[in-house]
1. Among ILE249, SER186, SER212, whose Cα projects farthest towards the positive end of the dipole of region 169-304, with charges put on the beta-carbon of Lys, Arg (+1) and Asp, Glu (-1)?
2. Just order 41-48, 192-199 by mean Cβ neighbour count inside 10 Å, highest at the front, would you?
3. Show me 200-209, 222-231 ranked by packing, highest mean number of other Cβ atoms within 10 Å first.
4. So what are the ³J(HN,Hα) numbers for region 89-101, from phi and the Karplus equation (6.51, -1.76, 1.60; θ = phi - 60°), rounded to whole Hz, Gly and Pro as x?
5. Run the 1.4 Å probe and let me know the accessible area of SER88, rounded to the nearest 10 Å².
6. Would you tell me the accessible area of THR63, worked out with a 1.4 angstrom probe on the heavy atoms of the protein chains, in Å² to the nearest 10?
Amino acid sequence: MTDTGTTGPDGATPHDSTETSSRLAEAVRSDGTAGFDRELGFDFDTVSATVDDALSFDAIATTTANRTVAIEAVGGEQRWDRTLASASKLDPDFLVLVGTAFDDDHVALLRWLNEATHADLFAVSFDASEGDDADRGSAGRPDVLVEPSGWSTRSERSLTEKQLLQLRYWAELRDRIEGRTTRLESCEPQPNNWYNNSMGEIGYKLQFAINSYTSVLLTQLVVRDDPDGFQALADDRDAIERDIGEDLIWLSPDEAKGEGNRARITLRRDGDLFVEGSWSEYQTWMLDAGERFYDVFHERIRGL
């Protein structure tokens, strides 16, 4: 956000735009430190600092479900009307207000705004200032104070039969993850053919997927924008496949056509989304394969 001279109600100038935007965008990107997207129930694909002077946002993220999330740090003296006006121009799918001094009146107001206008708005207590994580609240993790009211239920009204099945399948998988001791992480299910897990490093994701056209289930490591990292893993292919216990499908960025600069290392089996009686078997396979992938790849990725 670039400062245009707007002052707060007491004449205070808002925070330094360049430094705050950079720090907040970096905090949101730092998946392993902040866990920002996971705490909100998202899986961010890209995060960028705002460069448009007309928009009052510190960061704009795009989720793997292709939803836009506008993120703005707000202080006690900062006018929120400018942020809300910017939201009306960008029309993001979600608006996230981040601050360290939300009081009960702020929380009540934002909850009312969600209820009265069906706004998809979050209020998050989180300090993006410089300093060690120990100086930033609870180990530097965001605390969600306000979240959208019923937005997932409203969105289901326009879903197809297949999307409703996808949403239910991933919700069941999430519940099974939450109900067991595992290295895997639960996240908000979306009506997509995939369900992502973090590997703790930017650009690397553990992905579960169902191809309903070919009736195939996939557990795979997705590597984005790091061809050298993929090649380093490929050089260790024999040891990796021995540790996994099965042969894998290795697709370099050049071979994964239509995927952008992404490589994939995949384990697959047959499975039909429309056979609901087999869902438990499919989910058991995904959980087992996902834990093997995490165990085998996590430390290797950290060492790249």
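1. It is SER186.
2. My ranking of the peptides, most packed first, is 192-199, 41-48.
3. Descending mean neighbour count gives 200-209, 222-231.
4. Whole-Hz 3J(HN,Hα) from phi for region 89-101: 7, 6, 6, x, 5, 9, 10, 10, 9, 10, x, 10, 9.
5. Surface open to solvent at SER88 totals about 90 Å².
6. 10
The values are calculated or read from the model by the stated rules, or taken from the named source; none is laboratory data. Fair warning: this is a prediction, and the values are worked out from it, not measured in the lab. Note that each Cβ is placed from the backbone with ideal geometry, even for glycine, and that neighbours are counted across all protein chains shown. These accessible areas exclude ligands, DNA and RNA; they are computed on the full protein's heavy atoms, side chains included. Shrake-Rupley method; radii C 1.70, N 1.55, O 1.52, S 1.80 Å.
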